[in-house]
Amino acid sequence: MRFLSHTLGIFTHPDREWAAIREDRHSFVQVFLSHVPILALIPCISGFIGVTQVGFPVAGHWVKLTTGSAAALAIITYVAMLVGVYLFGEFINWMANTYLVDGDEPTRHYAGTALAVFVTTPIFLVGFVGLYPSLWLNAAVTLLAACYSIYLIYEGIPILMNLSKEQAFMYATSIVTVGLVLLVTVRVGSVILWSMGVGPVYQS
């Protein structure tokens with residue numbers, strides 16, 4: 001529960017919270033499993049309720065998805081989020097080889113995962129908006145959350161990794177690029193799955 005307590009601090013006083021996260025020094029399992037599997041449920045469950053109970057407009061008609069179809073999409077989304085955050089953390093750890101000295105090895109493997117976990121927190125939390133599955137509303141809110149996540153990356157890198165501002169800026173920019181690539185990859189994967197028949201089924 002210690003890591004869940006960082007969630008509020010990331011929004012209210014990110015500088016102090018990043019310093020506290022750096023001092024925690026927990027293992028990968030504690031950092032990842034105590035946080036991501038819980039928060040990733042928010043957008044999945046909210047979206048499931050939204051598309052099955054509220055519905056959304058398609059070609060001028062208000063439609064809903066069947067329970068089975070929505071459940072399959074929610075499960076796929078949940079797994080994709082877990083894998084995405086894990087890979088994001090591993091990329092951050094790998095790129096740390098360019099910026100951290102050998103003596104920072106413990107910091108490298110802990111901080112990369114912690115950064116991936118906590119910068120994705122805003123995106124998970126705004127998943128509640130999925131209860132009302134309006135495309136423009138969800139896109140706007142998600143964009144705002146993504147902007148704050150990018151801010152957290154630039155704010156957290158120099159603190160977690162103990163880097164100069166110049167090094168931190170280059171490192172953070174590389175991380176943002178990787179994050180965008182992962183996001184596009186997940187989107188493309190979703191399209192492929194839909195083309196294989198794992199797409200939405202509308203209620204009759």
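Worth a mention:
- With N as its number of residues, the stretch 13-87 has a Cα radius of gyration that, divided by 2.2 N^0.38 Å, comes to 1.53.
- Applying 1/(1 + (r/R0)^6) with R0 = 45 Å to the Cβ-Cβ distance of W62 and S164 gives a FRET efficiency near 0.25.
- Distance between the pseudo-spin-label points of Q53 and L135 (7 Å out from Cα toward the beta carbon): 2.5 nm.
- Net length gained if the chain between T98 and H13 were fully extended (0.36 nm per residue, minus Cα distance): 27.7 nm
- Label-point separation, I75 to Q203 (7 Å along Cα→Cβ), nm: 2.1
- Largest to smallest in accessible area, the residues R22, R16 fall in the order R16, R22 (1.4 Å probe, all protein chains included).
- Put a dot 7 Å past the Cα of L143, heading toward its Cβ, do the same for T177, and the two dots end up 2.4 nm apart.
- Placing F88, F56, F128, F28 in order of accessible area, with the largest value first and a 1.4 Å probe, yields F128, F28, F56, F88.
- Largest to smallest accessible area among D15, D24 [probe 1.4 Å]: D15, D24
The values are calculated or read from the model by the stated rules, or taken from the named source; none is laboratory data. All figures in this text were calculated on a predicted structure; none of them were measured in a lab. All Cβ positions, glycine included, derive from the backbone under ideal geometry; neighbour counts span all protein chains shown. Only protein heavy atoms, including side chains, enter the accessible area calculation; ligands, DNA and RNA are left aside. Shrake-Rupley method; radii C 1.70, N 1.55, O 1.52, S 1.80 Å.
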